[in-house]
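Working notes, beginning with the structure itself.
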Amino acid sequence: MRRDSPPGLLLIDAEPAQAGLMSALAQRAGWRVLRAADVETAVEQAGRSDMRLDAALLDLWSPDEAAIRSVALLRRRRPDLPIIVVTAQDSVDLAVRAVRAGARDVVIKPIAGHRLLAALDHVAAAGERQAGELTPLAEKWSQALGFSEMVGSAPPFRRALDIALRAAATPATILIEGESGVGKEVLAQAIHGASERHGGPLITVNCAAIPANLVESELFGHERGAFTGAFERRLGLFANADGGTIFLDEIGDLPADAQAKLLRVLQSGEIRPIGAAHPRKVSVRVVAATNRRLSDDVAKGRFREDLFYRLAVVPVTLPPLRARIDDIAPLADHLLGRIAEQLGLSALSIDPAGLALLESYDWPGNVRQLHNVLFRAAIFARGGRLGAADFPQIAQARTAGPDAANDDAPVPASPAPGNLAGSFPLFGPDGHVRPIEDIEADLIRLAIGHYRGRMTEVARRLRIGRSTLYRKLGELGIEQAG
């Protein structure tokens, strides 16, 4: 799209690293970017700035109503500004709710550069499309890989693929086990694509992300008026997957009540929405996944043994990346090819020094972390050949410990309460209790230092959301946020 002056983008994202990536993508394409951590701050900054704004890019951090309300709030405050929602939630329902709240378009993470820029140009073209029209979601989902495209020659990995491929042609329920980031969802997509149900829907459900009191309604649906707040009939995810496959990720986090209901569905092939007078037959193939050994949860009484055996008709275990170091080179080559296509670059490669650095790292975040590291390096690289200098986080992690570059890696327990090396005073020099804002700022600084700047873990331990944490960093004037 041609313009006489550079287009302006209002970028709203509380995650600095992610905001930096999207800002770099937009700026490379000629957009001027105004960044803010939340909607209120964004509206205030936009009011003070003389920058012309052609679009807003809003990160939708969760599927809950608070996140949806942020879309509606921005729409009310800036009704003239087209809104694009960026989200990691792979959900058609979420997309529809976002559009109803005022979004013009929805882009799914990981973000393909050319698709994001096309969406920006699309919504910025005044009068070319009606407000509220949703671009077909199928255009934005990452293309699923088939078994033949999955990269790796390590024997444990090839054995896992062979088992999954053989099982894909059968109606058997499959349980995929493996650490976070090893590619369980990618394998589930390949299983669906190789099955007789490939023409039907593939519905992905993150069981850990659904509130316990909403699990039954989300999975099996409800009738209008079935409970307070049930203003309309909801089909449920199993009904949406009828004729296809449902992928139940993090199945170990399913509450006990929902485990019993899921067992009945697997036994009978019927679902009964909340408030429904009669059950409904569905034909759904179930693929489940967990990042821990589900048999251990069964032994500890945290997961039903009968449901475990129903799910694990065919068990598949994907090995961690550290157990297949020889696969890093072909994996990096494959991922860089996809990243180059996403970013609209001619080619990307990695030199021997850069590859040696990657092969020396333990990869606690597995293939997902490798992809993110390569994607970030590609965004900021000056040329098409990546070297060791393009991976500063990995180089730092080798000296600080294998988890230092992974924001989601487990963190050691805090020191014993008797160790006051990291404590801070509760009373000021005048003998009076210090203001709560000062104590809160000291606590956040202490947590950031203790957890080595991993903001996900800091927010988790302080029991606040990441967006709340970043807002407090700004309010309290804490400069070093990791």
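Can you confirm whether VAL316 is aliphatic (A, V, I, L, M) and buried (at least 20 other Cβ atoms within 10 Å of the Cβ)? In short, yes.
For GLU359, the conditions (1) among the acidic types (Asp, Glu); (2) outside the structural domain of GLY252 (by TED's automatic domain parsing); (3) in contact (Cβ under 8 Å) with a residue 40 or more places away in the chain all hold with the exception of (3). Suppose the filter is of a type in the set (Ser, Thr, Tyr) and closer than 29 Å to GLY146 by Cα; does THR204 pass it? Considered against the rule, which asks whether it is of a type in the set (Ser, Thr, Tyr) and closer than 29 Å to GLY146 by Cα, THR204 comes out as yes.
State whether one or more residues within the range 423-434 are exposed (fewer than 14 other Cβ atoms within 10 Å of the Cβ) and modelled with pLDDT under 60. It would help to see each step written out before you state the result.
First, the residues of the range 423-434 that are exposed (fewer than 14 other Cβ atoms within 10 Å of the Cβ): 423-433.
Pick out the ones that are also modelled with pLDDT under 60 and you get 423.
The answer is yes; a qualifying residue exists.
If you go through the range 129-159 and keep only what is assigned to a loop (DSSP other than H, G, I, E, B), modelled with pLDDT under 90 and closer than 12 Å to LEU187 by Cα, you end up with ALA144, LEU145, GLY146. Within the range 230-245, is even one residue surrounded by fewer than 18 Cβ atoms within 10 Å (Cβ to Cβ), in contact with a strand residue (DSSP E or B) (Cβ under 8 Å, 6 or more places away or on another chain) and part of a loop (DSSP other than H, G, I, E, B)? Yes, the range 230-245 contains at least one residue that is surrounded by fewer than 18 Cβ atoms within 10 Å (Cβ to Cβ), in contact with a strand residue (DSSP E or B) (Cβ under 8 Å, 6 or more places away or on another chain) and part of a loop (DSSP other than H, G, I, E, B).
Of all residues in the range 165-189, those satisfying the criterion of being in a helix (DSSP H, G or I) and within 21 Å of GLY365 (Cα to Cα) are LYS184, GLU185, VAL186, LEU187, ALA188, GLN189.
Can you find a residue that is part of a helix (DSSP H, G or I) and either free of Cβ contacts under 8 Å to residues at least 60 places away in the same chain or more than 25 Å from the chain's Cα centre (by Cα) (or both) anywhere in the range 287-294?
From the range 287-294, those part of a helix (DSSP H, G or I) are 294; that's our starting set.
Those still in the list that are either free of Cβ contacts under 8 Å to residues at least 60 places away in the same chain or more than 25 Å from the chain's Cα centre (by Cα) (or both) too: none.
No, the range 287-294 has no match at all.
Here ARG466, ARG445, ARG452 are screened, and the one residue that is at pLDDT 70 or above, of a type in the set (D, E, K, R) and surrounded by 12 or more Cβ atoms within 10 Å (Cβ to Cβ) is ARG445.
When the range 369-389 is filtered for residues that are free of Cβ contacts under 8 Å to residues at least 40 places away in the same chain and among the charged types (D, E, K, R), the ones remaining, listed by number, are ARG382, ARG385.
Any idea which residue in the range 331-366 is surrounded by the most Cβ atoms within 10 Å (Cβ to Cβ), counting only those that are hydroxyl-bearing (Ser, Thr, Tyr) and in a loop (DSSP other than H, G, I, E, B)? If we take residues in the range 331-366 being hydroxyl-bearing (Ser, Thr, Tyr) and in a loop (DSSP other than H, G, I, E, B), then TYR361 is surrounded by the most Cβ atoms within 10 Å (Cβ to Cβ).
Consider the range 425-446. How many of its residues are in contact with a strand residue (DSSP E or B) (Cβ under 9 Å, 6 or more places away or on another chain) and either assigned to a helix (DSSP H, G or I) or under 22 Å from ARG463 (Cβ atoms) (or both)? Walk me through how you get there before you give the answer.
Residues of the range 425-446 that are in contact with a strand residue (DSSP E or B) (Cβ under 9 Å, 6 or more places away or on another chain), as a first pass: 426-427, 433-434, 439.
With the extra rule that they be either assigned to a helix (DSSP H, G or I) or under 22 Å from ARG463 (Cβ atoms) (or both), the set shrinks to 426, 434, 439.
Summing the residues that are in contact with a strand residue (DSSP E or B) (Cβ under 9 Å, 6 or more places away or on another chain) and either assigned to a helix (DSSP H, G or I) or under 22 Å from ARG463 (Cβ atoms) (or both) in the range 425-446 gives 3.
All conditions but one from (1) over 30 Å from ALA167 (Cα atoms); (2) in contact with a helix residue (DSSP H, G or I) (Cβ under 6 Å, 6 or more places away or on another chain) apply to ARG376; the one that does not is (2). Restricting attention to the range 300-327, the residues that are closer than 14 Å to ALA160 by Cα, part of a helix (DSSP H, G or I) and either out of contact with any Asp or Glu (no Cβ under 8 Å at 6 or more places or on another chain) or free of Cβ contacts under 8 Å to residues at least 24 places away in the same chain (or both) add up to 1. Looking across the range 191-217 at every residue that is in contact with a Leu (Cβ under 6 Å, 6 or more places away or on another chain) and either basic (Lys, Arg) or assigned to a helix (DSSP H, G or I) (or both), the one that is surrounded by the most Cβ atoms within 10 Å (Cβ to Cβ) is identified as HIS192.
Consider the range 257-298 and keep the residues that are modelled with pLDDT of 90 or more and of a type in the set (Gly, Ala, Ser). The one that is nearest to THR170 (Cα to Cα) is SER283.
The values are calculated or read from the model by the stated rules, or taken from the named source; none is laboratory data. Computed from a prediction, not measured in an experiment: that's the story for all the values here. With ideal geometry, Cβ positions are generated from the backbone for all residues, glycine too; neighbour counts draw on all protein chains shown.
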